[in-house]
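Chemist: I am attaching a structure below and will ask some questions about it afterwards.
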Amino acid sequence: MDIKTRIETAKANLKRAEQSKTIAETQKAAAEQQREEVVQKMAAEGVTPETIGEEIANLETAITETLTTVEGLIPRV
């Protein structure tokens, strides 16, 4: 491969790399925006990314307890 071809190949590779970088930066910005929106919605519900796991566990426990109560109230035939 001669020098001119190598230079042209390097330029093409650089251009593709720059385009990939731009796409990645755009996707990152969109993901960060989406994350911020989710965090805001979580805050409106009184949870944070740090406490969401515990809150989900509490809700699952409450649902299980309520379901057990409801099942106990249904007469067995």
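The values are calculated or read from the model by the stated rules, or taken from the named source; none is laboratory data. Since this is a predicted model, take the numbers as computed values, not measurements. Please note: Cβ atoms are built from the backbone with ideal geometry, for glycine as well, and neighbour counts cover all protein chains shown.
Chemist: Can you name the condition, by its number, that S20 falls short on among (1) loosely packed, with under 10 Cβ neighbours inside 10 Å; (2) assigned to a helix (DSSP H, G or I)?
Modeler: Against the list (1) loosely packed, with under 10 Cβ neighbours inside 10 Å; (2) assigned to a helix (DSSP H, G or I), S20 comes up short only on (1).
Chemist: Out of the residues in region 32-77 that are among the small types (G, A, S), under 30 Å from the mean Cα position of the chain (by Cα) and loosely packed, with under 10 Cβ neighbours inside 10 Å, state the one that is modelled with the lowest pLDDT.
Modeler: First pass over region 32-77, keeping only residues among the small types (G, A, S): 43-44, 46, 53, 57, 62, 72.
Now restrict to residues that are under 30 Å from the mean Cα position of the chain (by Cα): 43-44, 46, 53, 57, 62.
Checking the rest, the ones that are also loosely packed, with under 10 Cβ neighbours inside 10 Å come to 44, 46.
Details: A44: 96, G46: 93.
Step by step, filter region 32-77, then rank; the result is G46.
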